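Report on the structure given below.
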Amino acid sequence: MSEPLFVIERIRKQFGPRTVLDVGGLALQTGQSYALTGDNGAGKSTLLRVMAGLEPAQIARALYRGQPVDLHAYPEWLRRDVIYVHQHPYLFRTSVRDNIGYGLKARGTQGTMLDHDAVAFKAADLSPDGPIDPDKKFGTVGAVALDAHGHVAAATSTGGMTNKHLGRVGDAPLIGAGCYANDATCAVSTTGTGEMFMRLLAAYDVSARMEYRGATLEQAAADVIMERLPRIKGRGGLIAIDAKGNVALPFNTEGMYRGFARVGETPVTAIYR
Ligand code: ASP
């Protein structure tokens, strides 16, 4: 038999005084499928999480393709080869293989990726089974609103970007960059390459163009997303509403999940152009 692909010896995992995993060792051969069986709470998921570098544990020795690895430090080269796919969350309404392929590809990518990039990524590289399942989509969420008293509000929440630096803070929580509201002009929530939105103070810039230049919401939003942002290689879009109830939803990416609703009207939703 050839050299095992992945060998782990003596894995122990404790939560406080409780031992949740105690395995003598395992050796996985290339080209084989394995099934882990055990009662609920036997530590099956913990073992998989340890092997994927998602969970620290006491490990006597680990070898990947014959090379010793420190699973605590989980080296980047190993991250590109080993991936853990949980049974519930998934990105694409497609095969497990394509979901794994996406994870490995994202890890192998040097640069960061937006969640909207996955739409294009799916169309270009993986099997054409349709777009990302909208019900399972995760990532940036923004909302803007105008109330009956003429007040506007904006909110932005994000998980950031795939492959982002540890500890990175994006534009979403920065007022003026990823989020801004002013009753005199508009409310704006952005999504995209956060660093560029920060450099432009993009959300505030939409408001400033309206306030100082007399631009309409649509002009101001288009200037920022279609003109200023691409000049510094910024990608993304925004949603905005002004104090009169006009809505602008420009984006310079392949698609952007978006929608709006007005009292008494049918809600509108869209992904692509
Ligand atoms: N703007 C977010 C960030 O830079 C990412 C996104 O909107 O997809 O963290």
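As a summary of the residue check, Asp171 satisfies the conditions (1) at pLDDT 95 or above; (2) surrounded by fewer than 21 Cβ atoms within 10 Å (Cβ to Cβ); (3) in a loop (DSSP other than H, G, I, E, B) except for the one numbered (2). For the criterion of being closer than 24 Å to Ser2 by Cβ and open to solvent by 80 Å² or more (accessible area, probe 1.4 Å), Thr37 fails.
Pairs linking a residue in region 218-239 that is in the same structural domain as Asp171 (by TED's automatic domain parsing) to a residue that is open to solvent by 50 Å² or more (accessible area, probe 1.4 Å) and within 16 Å of the ligand (Cβ to nearest atom), with Cβ atoms under 7 Å and 6 or more positions apart or on different chains, are Ile232/Arg199. In region 158-187, the residues that are under 21 Å from Lys244 (Cα atoms) and without any contact (Cβ under 8 Å) to a residue 60 or more places away in the chain form Cβ pairs under 7 Å with partners that are more than 7 Å from the ligand (Cβ to nearest atom) and polar (S, T, N, Q), at six or more places apart or across chains, as follows: Cys179/Thr156; Cys179/Ser189; Tyr180/Ser207; Asn182/Ser207; Thr185/Ser207; Cys186/Ser207. Checking the structure you have, find out if any residue of region 29-51 is in contact with a Phe, Trp or Tyr (Cβ under 8 Å, 6 or more places away or on another chain) and part of a strand (DSSP E or B). No, region 29-51 contains no residue that is in contact with a Phe, Trp or Tyr (Cβ under 8 Å, 6 or more places away or on another chain) and part of a strand (DSSP E or B). Figure legend. Inter-residue proximity from region 253-273: first residues closer than 16 Å to Thr190 by Cβ, second residues of a type in the set (Lys, Arg) and open to solvent by 100 Å² or more (accessible area, probe 1.4 Å), beta-carbon distance below 9 Å, spacing 6+ or different chains. Indicated pairs: Gly255/Arg273.
The set of residues in region 188-216 being surrounded by 24 or more Cβ atoms within 10 Å (Cβ to Cβ) and either without any contact (Cβ under 8 Å) to a residue 60 or more places away in the chain or over 22 Å from the mean Cα position of the chain (by Cα) (or both) consists of Val188, Ser189, Thr190, Gly194, Phe197, Ala202, Ala203, Val206, Ser207.
Scanning region 174-185 for residues that are within 13 Å of the ligand (Cβ to nearest atom) and open to solvent by 50 Å² or more (accessible area, probe 1.4 Å) turns up just one, Leu174. Here region 186-218 is the region considered, the condition is being among the hydroxyl-bearing types (Ser, Thr, Tyr) and within 12 Å of the ligand (Cβ to nearest atom), and the residue that is nearest to Ala153 (Cα to Cα) is Ser189. Per the conditions (1) open to solvent by 20 Å² or more (accessible area, probe 1.4 Å); (2) over 18 Å from Ala154 (Cα atoms), the sole criterion not satisfied by Gly255 is (1). For region 145-163, the set of residues classified as surrounded by 14 or more Cβ atoms within 10 Å (Cβ to Cβ), within 16 Å of Thr190 (Cβ to Cβ) and within 15 Å of the ligand (Cβ to nearest atom) consists of Ala154, Ala155, Thr156, Ser157, Thr158, Gly160, Met161, listed by residue number. In region 45-63, which residues are of a type in the set (D, E, K, R), farther than 16 Å from Arg18 by Cβ and under 30 Å from the mean Cα position of the chain (by Cα)? Arg49, the sole residue that qualifies.
The values are calculated or read from the model by the stated rules, or taken from the named source; none is laboratory data. This is a predicted model, so every value here is computed, not measured. So basically every Cβ, Gly included, is an ideal-geometry build from the backbone, and we count neighbours across all protein chains shown. What goes into the accessible areas is simple: the full protein's heavy atoms, side chains included, and nothing from ligands, DNA or RNA. Shrake-Rupley method; radii C 1.70, N 1.55, O 1.52, S 1.80 Å.
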